[in-house]
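The values are calculated or read from the model by the stated rules, or taken from the named source; none is laboratory data. On a predicted model such as this, the values are computed, not experimentally measured, just so you know. Quick reminder, even Gly has a Cβ in these numbers, built from the backbone with ideal geometry, and neighbours come from all protein chains shown. Please note that ligands, DNA and RNA were not included when accessible areas were found on the heavy atoms of the full protein model with its side chains. Shrake-Rupley method; radii C 1.70, N 1.55, O 1.52, S 1.80 Å.
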Protein chains: 2
Amino acid sequence: MAGGNGEKASVVESKEWYLAAYAPVGVPTSDHLKLRSLPLSLAVDSIPDGHVVVETLFVSVDPYQRTRMTGIDEGLYLSQFNLEEVITAFAIGRVIRSKDSNYKEGDIILNPFSPIADYYMVSELHLRKIDPASGVPLPDYLSSLGIPGFAAWVGIEVLGEPKAGSNVFVSAAAGAVGMYAGQLAKLKGCRVVGSTGSDEKVKLVKDHFGYDDAFNYKKETDLDAALRKYFPDGIDIYFDNVGGEMLEAVLNHVNKHARIPICGMISQYKKKWTDRHGVRNLLNIVGKEIRMEGFLLASYLDRFGDFAKEMESYIKEGKISSKYTIYHGIESYLDSLGSVFTSTNIGKVVIEVKS
Amino acid sequence: MAGGNGEKASVVESKEWYLAAYAPVGVPTSDHLKLRSLPLSLAVDSIPDGHVVVETLFVSVDPYQRTRMTGIDEGLYLSQFNLEEVITAFAIGRVIRSKDSNYKEGDIILNPFSPIADYYMVSELHLRKIDPASGVPLPDYLSSLGIPGFAAWVGIEVLGEPKAGSNVFVSAAAGAVGMYAGQLAKLKGCRVVGSTGSDEKVKLVKDHFGYDDAFNYKKETDLDAALRKYFPDGIDIYFDNVGGEMLEAVLNHVNKHARIPICGMISQYKKKWTDRHGVRNLLNIVGKEIRMEGFLLASYLDRFGDFAKEMESYIKEGKISSKYTIYHGIESYLDSLGSVFTSTNIGKVVIEVKS
């Protein structure tokens, strides 16, 4: 095995995850996702011009990855992974061999389509170099400055139209996106309440992310009563991460002209659509003139620069906190992905492959 | 009884509708809406300064009126009617007595809050004079230039963002709003298909309103198959008048970035919300980045001038057709309102009180 930077082993064994079978419903298991080990030559002669070899440092584990494993290509999200091929994710890596004059050994890069593997060879197409002098911790590039932070920013700042004093509700508030959604809304002067799935996470949301209040939805037998209690003046913005029963309850408590940016519906992915919870009170959309809008980040890439500038300044001013659930080793991908769908994780899930 | 314009009877008997009991669910019946007869003095001495007496010519019958009879004031639509008081509607009338120098006998006026009565006395607050030389038939002011036309315009042109070639679906296509929604979309170069509740109305929608195609939803046992057939390229704009099962079916057939302006959910008003059809596939909103937005006309009054200018020019150029279901006499209000909720009417429902 190659160690850190610069050791000139000629071949490394790289473990990589590939898709053995599609999983149309449910959480993917070891029947669907399998690990295999492949040798990768590090001999400079064996690397084509314009290519680099990367060792993976951190892998981002995100719900959208699961949507590439259903085998049902609806032309919506990113395309489906091909069976037997390595699967990919946002990841941070270190260049350990380079046949590209733009990269040198030791460069730290961000790759949105990184193979989920210990090592891989790649042409520079998708790579973005990370400036080690930026002062931003590396995992932040997968979290506050990555998909979750950008999703929170698009939902709150682009679609949510927050004003000082707006009443904002965030579901899955201790999750990767929720933790930033609430903090961004607070920075805009809103009153923010979150829901989450354990008392520990309720405490985290209030103490660490600065939400005005939070509740454990698993303990609330009556969501309607809970929302009435936490939002005596109604809800102006609902940042929806979960869909289903919570969305239905919220529709009875939103104010006139409420905005409901929908980032995800984590409660809904696991079932066939005909078995999902039906939302019965959509009539509220008319009477309250609600705007409900789904979004995928690919449609907002032209705003990434605005987002990154704002978020970096918050990070440097210490105004944004992050929490991570860290898995160790590329072998942990299957478990880490499962955790995203079972409410067992806190904050952003990443795999630390090598530090 | 006073006849037409100018006859100087001193007292008229005026029949008026009042609310005897609220109707939280279902279609209001004679238990809720009652007619009474009251004398109204036409003696000029008895009319206060700044007031006029109006005889009603045409009354507009619209679904929103029913929302003022539930007794449940959600602060959403217009306020609830008071029990025992006369109920109101958009109506056209003729001034038969005037103690206001801005009005003379014979003036034709539009009153958005006209008592549903043969005759009434009113100060000029809400009245708008109609120019008899405009060449626009009087009922058009309640239809193409009234609530239904304006609702169609806001939904299609403001929220729908139609482009030439967009695939547009309109439900309740032979109804007051639907007939204009489809025609406005056609005028923008869209391909338009409508759904409606009888073969007769399917024919009307195609032959009279110029829809590219239409179907009878009551004959389609499989809405999913129907939409696949009529929209091989998917739906870009769904102008929703009905909600429920149709909305659910549509969500499986809309394209990426589809717009769903929601004007009403006529299928949903009659039941308590917990008994309504639950829409199970809202996850489409995320993956397809759908924007679903309810609207009430009160929020768009600043655009009424733009609308009226455009619609008047269409009417004068013969580019907009209207169909009416005409009831006769103020006594017919209860039946006419019921027809709006039972799919028995065609086009715009009006009561011709006097011609």
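With a 1.4 Å probe and every protein chain left in place, tell me how much accessible area A:K218 has, in Å² to the nearest 10.
Result for A:K218: roughly 120 Å² accessible.
Which FRET efficiency value, to the nearest 0.05, do you get for B:K271 and B:R228 by plugging their Cβ-Cβ distance into 1/(1 + (r/R0)^6) with R0 = 25 Å?
E between B:K271 and B:R228, to the nearest 0.05, is 0.30.
So how strong a dipole does segment A:147-299 carry about its Cα centre when Lys and Arg Cβ are +1 and Asp and Glu Cβ are -1, to the nearest 20 debye?
Computed charge dipole of segment A:147-299: roughly 140 debye.
If you take the square roots of the eigenvalues of the alpha-carbon gyration tensor of segment B:147-299 and sort them as a ≥ b ≥ c, do you get rounded (a/c under 1.5), prolate (a/b over b/c) or oblate?
rounded
Near A:K15, which aspartates and glutamates are there with a Cα under 15 Å away, not counting those fewer than 8 places off in the same chain?
Excluding near neighbours in sequence, the set is A:E55, A:E84, A:E85, A:D118, A:E331, A:E352.
Using modelled backbone amide H atoms (1.01 Å from N, in-plane), which distant-in-sequence or interchain residues come within less than 5 Å of A:N255's amide H?
Close amide H contacts, sequence-distant or interchain: A:I235, A:D236.
Given charges of +1 on the Cβ of Lys and Arg and -1 on the Cβ of Asp and Glu, with all other atoms neutral, how large is the dipole of chain B about its Cα centre, in debye to the nearest 20?
Using Cβ point charges on Lys, Arg, Asp and Glu, chain B gives about 760 debye.
Count, for each residue of A:253-266, the Cβ atoms from other chains sitting within 10 Å of its Cβ, then give me the mean as a whole number.
Counting Cβ atoms of other protein chains within 10 Å of each residue's Cβ and averaging gives 2.
Summing +1 for each Lys or Arg and -1 for each Asp or Glu, what net charge is found among the other residues whose Cβ lies under 12 Å from the Cβ of A:R191?
Net of charged neighbours comes to -1.
For B:K309, go through the aspartates and glutamates and keep the ones whose alpha-carbon is under 18 Å away, minus same-chain ones fewer than eight residues off.
The qualifying aspartates and glutamates are B:D131, B:D140, B:E157, B:E317.
Obtain the nm distance between the two label points defined at B:S321 and B:Y22 by a simple spin-label model: each point lies 7 Å from its Cα along the Cα-to-C-beta direction.
Modelled inter-label distance: 4.3 nm.
Per residue of chain A, what 222 nm ellipticity follows from adding -39500 (n - 2.57) for every DSSP H run with n ≥ 4, rounded to the nearest 500?
-5500 deg cm²/dmol
Any idea of A:M121's accessible area? Nearest 10 Å², probe 1.4 Å.
Taking all protein chains as shown, A:M121 has close to 80 Å².
Once both labels are modelled 7 Å past Cα along the beta-carbon direction, what's the B:K104-A:S10 spacing in nm?
With each label placed 7 Å out from Cα toward Cβ, I get 11.0 nm.
Sort B:249-255, A:299-305 by the packing proxy (mean of other Cβ within 10 Å over each peptide's residues), most packed first.
B:249-255, A:299-305
For peptide B:133-144, how many partner chain Cβ atoms fall within 10 Å of a residue's Cβ, on average?
If you average over the peptide's residues, the count of other-chain Cβ atoms is 0.
Enumerate the amide H contacts of A:G347 below 5 Å, restricted to partners 5 or more residues apart or on another chain; note that Pro and chain-start residues carry no placed amide H.
A:G175, A:A176
If you rank B:T29, A:T70, B:T196 by how much accessible surface each has, with a 1.4 Å probe, what is the order from largest down?
B:T29, A:T70, B:T196
So for the protein assembly as shown, taking the charge dipole from beta-carbon charges (+1 Lys/Arg, -1 Asp/Glu), which of B:M311, A:G197, A:V170 sits furthest toward the positive end?
The Cα lying farthest towards the positive end belongs to A:G197.
Sort A:178-185, B:321-328 by the packing proxy (mean of other Cβ within 10 Å over each peptide's residues), most packed first.
A:178-185, B:321-328
What percent antiparallel are the DSSP beta bridges of the protein assembly as shown, to the nearest 5?
If we restrict to bridges inside the protein assembly as shown, about 60 percent are antiparallel.
Considering the rotational relationship between chains A and B, which residue of chain A contributes the beta-carbon of minimal distance to the axis, and what is that distance to the nearest Å?
A:G278, 1
Between copies, how far does the label point of A:A298 sit from its twins, in nm, shortest first, when each point is 7 Å from Cα along Cα→Cβ?
Relative to the other copies, A:A298 has label-point distances of 4.1 nm.
Give the shape of the protein assembly as shown as rounded, prolate or oblate, defined through the alpha-carbon gyration tensor: a ≥ b ≥ c are the square roots of its eigenvalues, a/c under 1.5 means rounded, and otherwise the shape is prolate if a/b is larger than b/c and oblate if not.
prolate
Which ³J(HN,Hα) values, rounded to whole Hz and listed in residue order, are derived for segment A:93-105 from phi using the Karplus coefficients 6.51, -1.76 and 1.60 in 6.51 cos²θ - 1.76 cosθ + 1.60 with θ = phi - 60°, glycine and proline given as x?
Listing the rounded values in order: x, 10, 6, 10, 9, 9, 10, 10, 5, 7, 10, 10, 4 Hz.
Using DSSP, restrict attention to beta bridges with both residues in chain A and report what percent are antiparallel, rounded to the nearest 5.
Taking every DSSP beta bridge with both residues in chain A, the antiparallel ones total about 60 percent.
Find the lysine pairs in segment A:147-299 meeting two conditions, Cα atoms under 19 Å apart and a separation of 8 or more places or different chains, and report how many there are.
Total qualifying Lys-Lys pairs in segment A:147-299 comes to 21.
Mind giving me the nanometre distance, one decimal, between the label points for A:N82 and A:L35, set 7 Å out from Cα along Cα→Cβ?
It works out to 2.5 nm between the two label points.
Short version: ³J(HN,Hα) in whole Hz for each residue of segment B:273-279, in order, from phi by Karplus 6.51 cos²θ - 1.76 cosθ + 1.60 (θ = phi - 60°), x for Gly and Pro, what are they?
4, 5, 9, 7, 5, x, 8
Mind checking the per residue accessible area of segment A:37-132 for me, 1.4 Å probe, whole number of Å²?
Heavy-atom SASA per residue in segment A:37-132 reads 42 Å².
With point charges of +1 on the Cβ of Lys and Arg and -1 on the Cβ of Asp and Glu, referenced to the Cα centre of the protein assembly as shown, which listed residue (A:L33, B:V250, A:L251) lies farthest in the positive direction of the dipole?
Comparing the listed Cα positions along the dipole, A:L33 ranks first.
List, in order, the whole-Hz ³J(HN,Hα) value for each residue of segment A:26-37 obtained from phi through the Karplus relation with A = 6.51, B = -1.76, C = 1.60 and θ = phi - 60°; use x for Gly and Pro.
x, 8, x, 10, 6, 6, 9, 10, 10, 9, 9, 10
When you count, for each residue, the other Cβ atoms within 10 Å and take the mean per peptide, how do A:44-51, B:35-42, B:281-288 rank with the highest first?
Top to bottom by mean Cβ count within 10 Å: B:281-288, B:35-42, A:44-51.
Would you mind telling me the share, in percent, of accessible area of segment B:147-299 contributed by carbon and sulfur at probe 1.4 angstrom?
Carbon and sulfur: 50 percent of the exposed surface of segment B:147-299.
Quote the relative contact order of chain B in percent (integer), defining contacts as alpha-carbon pairs under 8 Å separated by 6+ residues.
That works out to 17 percent.
To the nearest 100 Å², how much accessible surface do chains A and B cover up together, summed over both, with a 1.4 Å probe?
Its buried surface, counting both partners, is about 3200 Å².
Could you compute how much accessible surface B:K186 exposes when probed at 1.4 Å, giving the result in Å² to the nearest 10?
70 Å²
Can you pull the mean other chain C-beta count within 10 Å for peptide A:293-302?
So the per-residue partner count for this stretch is 4.
Can you grab the distance from the C-alpha centre of segment A:40-85 to the C-alpha centre of segment A:203-231, Å, no decimals?
Cα centroid to Cα centroid, the span is 38 Å.
May I have the convex hull volume per residue, in Å³, for the Cα set of segment B:216-355?
179 Å³
Would you please give the residues with an amide H less than 5 Å from that of B:R97, counting only those at least 5 places away or on a separate chain, with H modeled from the backbone geometry?
B:V53
Determine the distance separating the Cα centre of segment B:92-162 from the Cα centre of segment A:286-318; give it in Å without decimals.
44 Å
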